[in-house]
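Here is the structure we will look at, set down as C-alpha cells.
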Amino acid sequence: MALRRFYALEAKLQKNPEIKKQYDDFLEEYEQLGHCVEVREMDDPVGLQKWYLPHHVVLRPSKSTTKCRVVFDGSAKIGGMSLNDAMMIGPTIQPDLLTIILKFRVFRYVLSADIAKMYRQVQKAKCHTPLQRIFYRKNPSDPLRVLELQTVTYTTASAPFLAIRALYQLAIDEEESHPGAAMLVKKMFYVNNVLFGGDDLEEVRKFQGK
C-alpha cells in the first residue's frame with residue numbers, strides 16, 4: 001500500500017517541477033539533520049516488526065516560505081489496521097489553552113515564542129524506528145530507497161504526548177538550575193508555543209533568548 005501510494009505521488013510530482021523540488025528539499029533536509037536514515041531491508045533481523053508509512057504533499061499557498069509540506073500518513077490502514085490504531089495516545093499534561101491565555105492577558109509586558117520542529121527534536125527509541133519507514137527516491141530512474149524516521153513523527157497518534165512529555169521531563173531535570181524556565185514549561189506552554197510575561201520589564205527580558 002505504501003509503495004503503491006509512493007508511485008502515485010511520484011507520478012503526480014513529475015507534473016509539477018516546482019512542488020517536486022520543494023518536496024525533495026524537505027526530505028533531503030530531513031535526512032541531513034539526522035531525522036531519518038537510509039536502511040537496507042536485507043540487513044533486517046528475522047522477525048523485525050516494521051511499518052511503512054505512505055506520505056503525500058500538502059500545499060500551503062498562504063505560506064511565504066515553504067508552500068509544500070510532506071505529511072506522513074499514520075492513519076493509513078492495511079488489513080483494517082493502521083499504525084495509529086496500535087498506539088496509545090497518552091494523557092493531557094499541559095494546562096488548557098484558555099487558562100494560559102487568561103494568565104497572558106493580565107501581564108503588563110509579554111513575550112511569546114515557539115519551539116521550531118518540536119516533534120523532530122525528540123529521538124525515538126531504536127526499537128520503535130522500524131515502525132516509521134518510508135519509500136523515497138529523487139528521480140524515477142534512481143533505485144528505490146527505504147528511509148527510517150528517527151524522531152517523533154507528526155500525524156502519528158502518540159506524537160503530541162511524546163513531544164510534550166519530553167519537554168516536561170526537561171523542566172523536571174533542570175528545575176533546580178533554571179527554576180524560572182521550568183515554571184514556564186510546566187505552566188505557560190501549549191504544545192510548542194509559550195505565552196508569558198510580567199509587570200517588570202527587566203524581569204521579563206531575562207527570559208528573552210539571547
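Worth pointing out:
- Residue pairs meeting the criteria (Cβ under 6 Å; at least 6 apart or on separate chains; first at pLDDT 95 or above and part of a loop (DSSP other than H, G, I, E, B), in segment 25-41; second open to solvent by less than 60 Å² (accessible area, probe 1.4 Å) and of a type in the set (Lys, Arg)): His35/Arg120
- If you go through segment 145-158 and keep only what is more than 11 Å from Glu38 (Cα to Cα), part of a loop (DSSP other than H, G, I, E, B) and touching a residue at least 60 places away in the same chain (Cβ under 8 Å), you end up with Thr153, Tyr154, Thr155, Thr156, Ala157, Ser158.
- Residues of segment 111-142 that turn out to be of a type in the set (D, E, K, R), in contact with a His (Cβ under 9 Å, 6 or more places away or on another chain) and open to solvent by less than 50 Å² (accessible area, probe 1.4 Å), as a count: 1
- Residue that is farthest from Asp96 (Cα to Cα) [pool: residues in segment 159-210 that are outside any helix (DSSP H, G or I) and of a type in the set (Ser, Thr, Tyr)]: Ser177
- Segment 129-143 residues that are among the aromatic types (Phe, Trp, Tyr), paired with ones that are modelled with pLDDT of 95 or more and open to solvent by 50 Å² or more (accessible area, probe 1.4 Å) (beta carbon under 7 Å, 6 or more apart): Phe135/Leu3; Phe135/Leu144; Tyr136/Arg145
- The requirement of being open to solvent by 60 Å² or more (accessible area, probe 1.4 Å) and at pLDDT below 95 is fulfilled nowhere in segment 143-152; no residue meets it.
- Residue match in segment 47-60 (condition: of a type in the set (Lys, Arg), at pLDDT 95 or above and open to solvent by 70 Å² or more (accessible area, probe 1.4 Å)): yes
- When segment 70-95 is filtered for residues that are open to solvent by less than 40 Å² (accessible area, probe 1.4 Å), in contact with a strand residue (DSSP E or B) (Cβ under 8 Å, 6 or more places away or on another chain), part of a loop (DSSP other than H, G, I, E, B) and under 17 Å from Met1 (Cα atoms), the ones remaining, listed by number, are Asp73, Gly74, Ala76.
The values are calculated or read from the model by the stated rules, or taken from the named source; none is laboratory data. As the structure is a prediction and not an experimental result, all values here were calculated from the model. Ideal geometry is used to build each Cβ from the backbone, glycine not excepted, and the neighbour counts take in all protein chains shown. Side chains included, ligands, DNA and RNA excluded: accessible areas come from the protein's heavy atoms. Shrake-Rupley method; radii C 1.70, N 1.55, O 1.52, S 1.80 Å.
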